[in-house]
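For reference, the structure is listed below as structure tokens.
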Amino acid sequence: MPTFARVDLAFERGEGAWLVATTGERYLDFTSGVAVNALGHAHPRLVEALSAQAARLLHVSNLFRIPESERLAERLCAQSFADYVFFANSGAEAMEGAIKTARKFHAVNGAPERVRIITFEGAFHGRTLATLAAGGQKKYLDGFGPVVEGFDQVPFGDIAAVKRVIGPATAAILVEPIQGEGGVRVASNQFLRELRVLADRNGALLIFDEVQTGMGRTGDLFAYQHTGVTPDIMALAKALGGGFPVGAFLTTAEAGKGMTAGTHGSTFGGNPLAMAAGNAVLDVMLAPGFFERLRGIALLLKQRLAEMKDRHPGVIAEVRGEGLLIGLRSVVPNGQLVDALRAEKLLTVAAGDNVVRLLPPLIVEEADILEAVNRIDRAASAIERAAGRPVEQETVR
């Protein structure tokens, strides 16, 4: 179906942070499949794990125990607040499960009327009918009939607005620690702490959508870990499988107590091949020094991007984000900047608020960072030349 406005560009192979097009041209990949390819392309640990598992067993269904699934669930719980994990196939499925879990929690506690969930303007939680309603963006909802009921949307970061709408029918508050699709808008730790207090005071659950921020993207395994705020439910996907489709939602034992046998399911969720991918990703990320190195690389990128903002104020208005989830708020239309960067063979992705996202793989090398910054410099200079503005000649080193 013609549902994607695809660029006329295709790739045949990749290695690390680089992709090779069918034309033979090399591109520096700072999109990572939209925050999916956390280990880059053709990572040997992931390739080996998938190949070995494929030779043994692909799928058995959740009618039986799946040891690989049990192992990944145990590891995710050991590294997080959670007691339970449900494996799905995508971020939208993970969010659907999180929404169902929050509503079921109140039903088993004798309050089935508590079904409403507070969400935030600019959010993106998926493309299913319920997750579209949670995101509340008109451009995605138009034409699909009645909007799924049960979501109260307020401005992002506005705690007073949350206080106005929270009430006896509120089941949960749902928030992204950083709105990725919404423009790399970072929720302050203070705002998240106040949401936690409000949820507790009102008997509601706190749900973090970490589909994009989770699995190392912000410098820790999960973004919540550096906020000082722990959710009751958390959704993951994207980088969890390193490129293989895997989604999950994690809960405390209390929040998940309503999800008993038969209340939720998935044909493919937690299959052995997907679990081999997830365990391989964790093997790499939990190795000593992985996150220390990642945070150093992220700091280097942000410092060099700050220099680019100063050199090209007519193109780049702001650098925002955490870890390797970075946004350049653009002065020119963000699509123009994305195109100019692609002309320099640097792949990026647009977001809301006129932002261009930089999402390099977490294994990106320092040399790749410096090369990307040089390409950003050249792209910004090209935009300035086209607009008749003076261009500095110095190349970033």
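The modelled label-to-label distance for the pair Glu318/Glu15, using points 7 Å beyond Cα in the direction of Cβ, is 4.0 nm.
Ranked by solvent-accessible area (1.4 Å probe, protein heavy atoms only, all chains present), the residues Phe291, Phe208 order from largest to smallest as Phe291, Phe208. Entry comment: accessible area of the range 237-320 is 37 Å² per residue, from protein heavy atoms only and a probe of 1.4 Å.
Taking each DSSP H run with n ≥ 4 as -39500 (n - 2.57) and averaging over every residue of the chain yields -11500 deg cm²/dmol at 222 nm. Here the calculated FRET efficiency for Val108 and Phe290, from their Cβ-Cβ distance with R0 = 56 Å, stands at 0.90, rounded to the nearest 0.05. Each of Leu325, Asn202, Asn354 was scored by the projection of its Cα onto the charge dipole of the chain, and the greatest displacement toward the positive side belongs to Asn202; charges sit on the C-beta of Lys, Arg, Asp and Glu. Let me make sure I get this right: for the range 319-389, a, b and c are the square roots of the gyration tensor eigenvalues over alpha carbons, sorted descending. Under 1.5 in a/c it's rounded, otherwise prolate if a/b > b/c, else oblate. Which is it? Cα axes put the range 319-389 in the oblate bin. Solvent-accessible area per residue in the range 163-215 equals 32 Å², computed with a 1.4 angstrom probe and all protein chains kept.
For Asp152, the residues whose modelled amide H falls within less than 5 Å of its own, excluding neighbours fewer than 5 places apart on the same chain, are Ile117, Ile118, Thr119. Ordered by 1.4 Å accessible area with all protein chains kept, His264, His41 run largest first as His264, His41. What separates the Cα centres of the range 223-283 and the range 1-66 is a distance of 20 Å.
Between the range 72-100 and the range 301-370, how many Å separate their Cα centres? Here the two parts' Cα centres lie 31 Å apart.
Within the chain, DSSP assigns beta bridges of which about 65% are antiparallel (rounded to the nearest 5). Qualifying GluC sites (Glu not before Pro) in the range 248-327, where qualification requires a DSSP coil assignment and no more than 14 other C-beta atoms within 10 Å, comprise Glu254.
Note on the chain: with a GNM built from Cα contacts shorter than 10 Å, the maximum mean-square fluctuation among Thr22, Thr227, Thr252 falls on Thr22. Each 10 Å bin from zero holds the following percent of Cα-Cα pairs in the range 226-369: 10, 28, 31, 21, 9, 1.
Applying a DSSP loop filter and a limit of 15 other Cβ atoms within 10 Å to the GluC sites (Glu not before Pro) in the range 105-180 leaves Glu113, Glu149.
Using bins of 5 Å that start at zero, the share of Cα-Cα pairs per bin across the range 239-317 amounts to 3, 11, 12, 12, 13, 13, 10, 10, 7, 5, 3, 1, in whole %. What does the C-alpha gyration tensor say about the overall shape of the range 129-245? Classify as rounded when a/c is under 1.5, otherwise prolate if a/b is larger than b/c, or oblate. Oblate is the answer for the range 129-245, as a/c is 1.5 or above yet b/c matches or exceeds a/b. Across Gly247, Gly335, Gly182, mean-square fluctuation computed from a Gaussian network of the chain (C-alpha pairs under 10 Å connected) peaks at Gly335. Close lysine pairs were tallied over the chain: pairs 8 or more places apart or on different chains with Cα atoms under 25 Å apart number 14. Using every pair of separate Cα atoms, the Kirkwood estimate puts the hydrodynamic radius of the chain at 21.9 angstrom. Counting only protein heavy atoms and a 1.4 Å probe, tell me what percentage of the chain's accessible area is made up of carbon and sulfur. Accessible surface attributable to carbon and sulfur in the chain totals 54 percent. Per residue, the range 1-63 exposes an accessible area of 63 Å² to a 1.4 Å probe, with every protein chain left in place.
Of all DSSP beta bridges confined to the range 155-263, the antiparallel ones make up roughly 45%. Extension gain, Thr263 to Glu366: 0.36 nm times the residue separation minus the Cα-Cα distance gives 32.3 nm. Could you give the DSSP H helices of the chain that reach 15 angstrom or more along their long axis (alpha carbon positions) and whose average Kyte-Doolittle hydropathy is no lower than -0.5? Qualifying helices: 44-56, 91-108, 272-285, 290-311, 366-386.
The chymotrypsin sites (Phe, Trp or Tyr not before Pro) of the range 24-89 that DSSP puts in a loop, and whose beta carbon has at most 15 other beta carbons within 10 Å, are Phe64. Result for the chain in a Gaussian network model with C-alpha springs under 10 Å: among Leu198, Leu46, Leu325, the largest mean-square fluctuation is at Leu198.
Computed from point charges on the beta carbon alone (+1 for Lys and Arg, -1 for Asp and Glu), the dipole magnitude for the chain about its Cα centre is near 400 Debye.
Just to check, using Stokes-Einstein with a Kirkwood Rh over alpha carbon pairs, what's the diffusion coefficient of the range 187-232 at 25 °C and 0.890 mPa s in µm²/s? D = 224 µm²/s.
The values are calculated or read from the model by the stated rules, or taken from the named source; none is laboratory data. Predicted, not measured: the structure shown is a model, and the values here were computed from it. Neighbour counts are summed over all protein chains in view; Cβ atoms, including those assigned to glycine, are modelled from backbone coordinates with ideal geometry. Side chains included, ligands, DNA and RNA excluded: accessible areas come from the protein's heavy atoms. Shrake-Rupley method; radii C 1.70, N 1.55, O 1.52, S 1.80 Å.
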